[in-house]
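Presented below is the structure to which this report refers.
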Amino acid sequence: MLKEFREFAMKGNVVDLAVGVIIGAAFGAIVTSLVGDVIMPIIGAITGGLDFSNYFTPLAKSVTANNLADAKKQGAVLAWGNFLTLTLNFLIVAFVLFIVIRLMNQLKRKEEAAPAAPKLTKQEELLTEIRDLLKKS
């Protein structure tokens, strides 16, 4: 088993995995900051400061608190508001990334469309004409 692990590590798979985890963690921190510090305050200003993260449904009769932190201390609660907030954050980031990628693709298409077709030589024109005549018959 140790020999198999050494072969696995020597092939570079472990290094690739480690680099992927590090890049993923860094990207996750950037996305979290983007959503929490840039996008959500703008959406909060538009919606009047609406925040779902404190919404919950008590599952125990002993829960009488009005905020989530105190309710969790009193008993079992279904904290669906936090899930809803995270889902909305995901959808917002996905939409923003979609718009950015779409704009980048449009710019790329404009650059690719620039080259014009070269003018055909007399021989190429004759060959094209022969090809078209053969297709008709």
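Measuring with a 1.4 Å probe in the full set of protein chains, what accessible area per residue, in whole Å², belongs to the chain?
Numbers: 11560 Å² over 137 residues.
Spelled out: the 1.4 Å probe surface of the chain, per residue, equals 84 Å².
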(message) Within the chain, what whole-number % of the accessible surface is contributed by carbon and sulfur, with the 1.4 Å probe and all protein chains included in the calculation?
(response) 68 percent
(request) Please sort by residue number the trypsin sites (Lys or Arg not before Pro) in the stretch 13-76 whose DSSP state is loop and whose Cβ has at most 15 other Cβ atoms within 10 Å. (result) K61
(request) Please report how many Lys pairs in the chain have alpha carbons closer than 22 angstrom, counting only residues at least 8 apart along the chain or sitting on separate chains. (result) 6
(request) Give me the distance between the Cα centres of the stretch 34-52 and the stretch 75-121, rounded to whole Å. (result) 20 Å
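Which of rounded, prolate, oblate describes the stretch 1-82, given a ≥ b ≥ c as roots of the alpha-carbon gyration tensor eigenvalues and a/c under 1.5 marking rounded, otherwise prolate only if a/b is larger than b/c?
Oblate.
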(request) Take each uninterrupted DSSP H stretch in the chain, measure its Cα extent along the helix axis, and return the ones at 20 Å or beyond whose mean Kyte-Doolittle hydropathy is at least -1.0. (result) 13-33, 80-112, 122-136
(request) Using just the helices of the chain, give the 222 nm mean residue ellipticity in deg cm²/dmol: DSSP H runs with n ≥ 4 each add -39,500 (n - 2.57), and the total is spread over all residues, rounded to 500. (result) -22500 deg cm²/dmol
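The values are calculated or read from the model by the stated rules, or taken from the named source; none is laboratory data. In this text, all values refer to a predicted model and were calculated from it rather than measured experimentally. Positions of Cβ are generated from backbone atoms using ideal geometry, with glycine treated the same way; all protein chains shown enter the neighbour counts. Note: accessible area is taken over every heavy atom of the protein model, side chains too, but ligands, DNA and RNA are not part of it. Shrake-Rupley method; radii C 1.70, N 1.55, O 1.52, S 1.80 Å.
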